[in-house]
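Q: Once you've had a glance at the structure underneath, I'll fire off some questions.
The values are calculated or read from the model by the stated rules, or taken from the named source; none is laboratory data. Computed from a predicted structure; not experimentally measured. Cβ: placed from backbone, ideal geometry, glycine included. Neighbour counts: every protein chain shown.
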2 protein chains.
Amino acid sequence: MNTDFINPFLESIINVLTTMAGTEAKPGRPFLKTEKSAKGDVTGIIGLMGEKAKGSLAITFTEPAILHIASKMLGEEIQQVDGSVADCVGEITNMVTGGAKKILSEKGYKFDMAIPAAIIGKHHIISHKTDGRIICIPFETPAGSFFVEVCFSE
Amino acid sequence: MNTDFINPFLESIINVLTTMAGTEAKPGRPFLKTEKSAKGDVTGIIGLMGEKAKGSLAITFTEPAILHIASKMLGEEIQQVDGSVADCVGEITNMVTGGAKKILSEKGYKFDMAIPAAIIGKHHIISHKTDGRIICIPFETPAGSFFVEVCFSE
């Protein structure tokens with residue numbers, strides 16, 4: 001997986017959070033995910049399927065980050081993780097993947113998306129079952145951190 | 001979603017657990033998943049994509065149930081949820097979906113599978129983001145319960 005492939009996801013999440021939540025997300029350096037990976041409190045996950053490859057995308061938020069983002073998206077202060085937060089995470093996951101799909105399609109990488117699920121639970125870990133590499137991109141927002149993970153297996 | 005569609009998943013999980021883990025899983029009555037849903041400790045999730053519908057499948061285990069199943073699959077006593085348990089859950093999810101896919105394909109419902117992910121975290125909740133219905137099938141094993149959730153949106 002090269003930067004051609006990673007940058008559209010990076011670009012897409014920054015766009016979505018700016019547009020939907022007026023929140024600046026600052027990307028850190030992408031790294032290969034290893035066994036010991038970051039834990040998070042709320043995750044959006046979606047299956048990806050291309051002609052030659054299958055994969056998945058997960059966006060794992062810390063609680064402070066997603067409460068901030070959901071409050072901005074919904075225009076009211078959200079103080080705990082509930083169904084409305086799960087809805088926001090599903091929507092963000094869909095929009096980020098849709099945005100990346102559009103950019104990648106223009107570069108000749110075509111894939112389809114399944115439907116997203118949101119996972120809620122303090123300090124959970126996502127473990128992608130793939131022979132391929134898992135790229136993790138850390139992000140910082142003014143309210144806390146989140147991680148975008150993308151993997152494809154050919 | 002009718003029983004034509006649900007039964008293959010039910011049949012497939014029973015087969016997989018009998019074959020891979022010598023564990024009898026007894027299905028309860030399938031129900032429509034509502035907001036208040038069961039929590040679990042380890043989940044396998046996978047995206048599904050058909051010609052006319054998209055969906056996802058999640059299998060959520062309680063810790064005692066998955067420790068029992070993983071111990072039987074691996075042939076050694078597993079006392080805590082770790083990477084090897086995540087691998088078992090990924091494999092179960094893949095095999096259950098593959099089995100159901102085969103049965104459904106013979107009935108004329110064709111779909112492809114993305115790659116599975118395992119989620120580890122005490123008492124997490126899975127919230128599928130779909131306009132369609134979410135069918136939940138509860139199961140009991142001698143060691144504890146688990147839930148299979150299937151949803152498709154057209």
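Q: Among the strands (runs of 3 or more DSSP E) contained in segment A:91-154, which hold 1 or more residues that are of a type in the set (S, T, N, Q) and more than 13 Å from chain B (Cβ to nearest Cβ)? First the steps, then the outcome.
A: On the way: elements: A:111-113, A:117-128, A:134-141, A:144-153.
Counting at least 1 such residues, we get A:134-141, A:144-153.
Q: To continue, here is another question. If you take the residues in segment B:70-90 that are closer than 15 Å to residue B:118 by Cα and crowded, with 18+ Cβ neighbours inside 10 Å, which one is farthest from the other protein chains (Cβ to nearest Cβ)?
A: B:70
Q: Which numbered condition trips up residue B:66, out of (1) within 11 Å of chain A (Cβ to nearest Cβ); (2) at pLDDT 95 or above; (3) touching a strand residue (DSSP E or B) at 6+ places or on another chain (Cβ under 7 Å)?
A: (1)
Q: Out of everything in segment A:46-58 that is assigned to a strand (DSSP E or B) and of a type in the set (A, V, I, L, M), what residue ends up being farthest from the other protein chains (Cβ to nearest Cβ)? Explain how you work it out, then say what you get.
A: Initially, segment A:46-58 is screened for residues assigned to a strand (DSSP E or B), giving A:46-50, A:54-58.
Remaining after also requiring of a type in the set (A, V, I, L, M): A:46, A:48-49, A:57-58.
On the way: A:46: 6, A:48: 6, A:49: 5, A:57: 10, A:58: 7 Å.
Within segment A:46-58, the match that is farthest from the other protein chains (Cβ to nearest Cβ) is A:57.
Q: Answer yes or no as to whether residue B:153 is more than 13 Å from the chain's Cα centre (by Cα) and more than 19 Å from residue B:42 (Cβ to Cβ).
A: Numbers: more than 13 Å from the chain's Cα centre (by Cα): yes; more than 19 Å from residue B:42 (Cβ to Cβ): yes.
Yes.
Q: Within the group B:9, B:61, which residue is more than 13 Å from chain A (Cβ to nearest Cβ), at pLDDT 95 or above and buried (at least 20 other Cβ atoms within 10 Å of the Cβ)?
A: Working: B:9 fails: at pLDDT 95 or above.
Every option except B:61 fails the conditions.
Q: Does any residue in segment B:2-28 that is over 28 Å from residue B:75 (Cα atoms) come within less than 6 Å, Cβ to Cβ, of a residue that is part of a loop (DSSP other than H, G, I, E, B) six or more places away or on a different chain, and which pairs are these?
A: B:6/B:30
Q: Can you say whether residue B:50 is more than 30 Å from residue A:123 (Cβ to Cβ), among the small types (Gly, Ala, Ser) and out of contact with any Pro (no Cβ under 7 Å at 6 or more places or on another chain), as far as the supplied structure shows? Talk me through it step by step, then tell me what you get.
A: Details: more than 30 Å from residue A:123 (Cβ to Cβ): yes; among the small types (Gly, Ala, Ser): yes; out of contact with any Pro (no Cβ under 7 Å at 6 or more places or on another chain): yes.
Judged against the criteria, residue B:50 is a match.
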